[in-house]
Structures are given as C-alpha cells and as structure tokens.
Amino acid sequence: MQLDKLTDFFSKTLFTINEQAVSIGQVLLVPLIFIVGLLVARLLIGKLSQRLTTKKLNADAIHLLQRVLYVLTLIILVITSLDLLNVPLTAFAFISGAVAIGVGFGAQNIINNFISGWILMWERPIKIGDFLELGETRGTVEAINTRSTRIRRVDGVHLLIPNSYLLENTVVNWTLIDRKMRTSVRIGVSYGSPVEQVAKLIKQAVDDQAIALNDPAPVVFFEDFGDSALIFETFFWINATADRDLRQIRSNIRFRIDTLFRENNIVIAFPQRDVHVDGVIQIANDKPL
C-alpha cells in the first residue's frame, strides 16, 4: 500500500514540454544522475590517470586527457537528462542563440581565457613543470586550467595567470626544449697576478663541479683591464630546472675559486684609490708640512 502511494507520488505530472508529461520522479532523477555520473567519472578518470602516471606518460598529456574526459562526461550527462525529461535539443536553439550573443558581449575575457587554456593544453608551448619568466616574475608551472595557469614563484607564492596573457605576451620558457642553461661567474684579481695561472685555476673550479657540462665545454676569458683589477669571466652550461640551480652552482664555484686562490697566493682585487693633495697640510701645532 505504501509502495503504491509512493509510486503514485513520483508518477504525478509536474509540467509538460511539447505535450510530453514530466513527472516528479523524472525531475528528481536528473540531479541523482548528475551526482552519480560525476562521482563515477571522477573515480574512473582518477584511476586512469594513476595508471598513466606509473607508465611515465607526460603530465601535460594526462592533464589534457582529464579535461577532455570531464567535458565528454558533462555532455553525456546533459543529453541523458534532457532525454529523460523528454526535452528535444531543438528547444534550446533560440535560447542558445540569445545566450551566445549575451556571452559574446559580456564574457569576452572568460571565453578568451577558456579558449586560450585549450590552446595551451593542445599545442603545449607551456607544459607542467616548465620554468617561466614573465617580466619580473619567475616560477614553475604547476597546473594549466581552462581559465588560468597556476605558477609557483621562486619564493613559494602561488600566482594565477590568465591563459590569454600567456598567449598574448612575451613569455620566457627556460625549459621549453631542454634544460640546458648557460651562466657565468665574474671575478677580478690584483694587478701583477700570473694571468695564465689565474685562468687555469678558474677553469679548475668549474671542472670540479659535477653539474657543469663538458659539452659545451667551460671557457675562461681575460675580460678587461679594470680600474683596480684584472677582470676574468668564465662561461659554462648546466642542466638546471630553476633559477635556484644557477645561483647554487655560481655560489659553489665562487667558494672553490676563493679556496684555490688562497692556496696559490692569488689576491682577489678590491677597489683602491690614490689620493693626491694639492697645497699645504696644517697639523695640530699649525706648522706646515
């Protein structure tokens, strides 16, 4: 008896569309389908992503696949819900046209960022894990979403950059093709130092670093005769993932140069000035010198 009453309640017509009755049960079933469908899709997509990750598939390809599967899931759920409610897709032709006009005028930036996000994920000029430089900002890409890209700055702060900005402005991608980066260390020694030995010691300091690449090989230049020093500069390449790696190896090389110079009695120059005084200097007893 209770079951019959419950069946009658859910069978009651709530409204009609194109002379098709829509019951209370059908209306209540729609959100249930959405919730269950999204939960199942999230579970399956998560397991698929884990399996692809174990196979060491590129993180950007996994991220793009996740987005595509989520969009397909939403499309299937919407079509299923409309079919359940006996709503033909043609009924939304006029509404969709009006919405498109409204969106075109009022949500240009949102659509621009949305399309830019798909372009970034498809063409992959920027990938997850890349180290970017945008003006004064440097950081690592952590996620490329449909509206914005999340970047973790070198100081740990997270930035959300609109996707359209990444496509419309100059972005330096340090790791687009490979992770090879060139950097340099500049140092001055005092006049009178044996320049050939100085160059050899600087080269040795670079060669002692395991991270420094042999191809291209490090080079040392006798750069200039400075005001107070003989200027030397060494250039070398490393496989770096961030600006932090460059700063670390430069620091290590400077430490090593200082040690080698001390062992070989090479003096690191410091600014010196000769002062010439014109006239007479008066001392405390007013007697001129």
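The values are calculated or read from the model by the stated rules, or taken from the named source; none is laboratory data. These numbers were taken from a predicted model, which means no experiment stands behind them. Reconstructed Cβ throughout: ideal geometry from the backbone, glycine too, with neighbour counts over all protein chains shown.
What to note about this one:
- Test: Leu32 is within 19 Å of Trp118 (Cβ to Cβ), modelled with pLDDT of 70 or more and loosely packed, with under 14 Cβ neighbours inside 10 Å: no
- Among the residues making up the range 188-213, those that are closer than 12 Å to Phe236 by Cβ and not in a loop (DSSP other than H, G, I, E, B) are Ile202, Lys203, Ala205, Val206, Asp207, Ala212.
- Residues that are within 24 Å of Ile62 (Cβ to Cβ) and either aliphatic (A, V, I, L, M) or within 10 Å of the chain's Cα centre (by Cα) (or both), drawn from the range 133-152: Gly139, Thr140, Val141, Glu142, Ala143, Ile144, Thr149, Arg150, Ile151, Arg152
- Verdict on Ile128 being part of a loop (DSSP other than H, G, I, E, B) and touching a helix residue (DSSP H, G or I) at 6+ places or on another chain (Cβ under 8 Å): yes
- Taken as a whole, the structure leaves Tyr165 outside the set of residues that are more than 10 Å from the chain's Cα centre (by Cα), in a loop (DSSP other than H, G, I, E, B) and either more than 30 Å from Ile211 (Cβ to Cβ) or not assigned by TED's automatic domain parsing to the domain that holds Phe235 (or both).
- Subset of the range 142-156 (residues that are modelled with pLDDT under 90, of a type in the set (A, V, I, L, M, F, W, C) and over 13 Å from Asp243 (Cα atoms)): Ala143, Ile144
- Residue, farthest from the chain's Cα centre (by Cα), within the range 206-218, restricted to residues that are surrounded by 14 or more Cβ atoms within 10 Å (Cβ to Cβ) and hydrophobic (A, V, I, L, M, F, W, C): Val206
Matching residues to (1) modelled with pLDDT of 90 or more; (2) surrounded by 11 or more Cβ atoms within 10 Å (Cβ to Cβ); (3) more than 33 Å from the chain's Cα centre (by Cα):
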residue: Gln204; (1), (2), (3): yes, yes, yes
residue: Ser228; (1), (2), (3): no, yes, yes
residue: Phe236; (1), (2), (3): yes, yes, no
residue: Arg244; (1), (2), (3): no, yes, no
residue: Ile257; (1), (2), (3): yes, yes, yes
residue: Val275; (1), (2), (3): no, no, yes
residue: Gln282; (1), (2), (3): no, no, yes
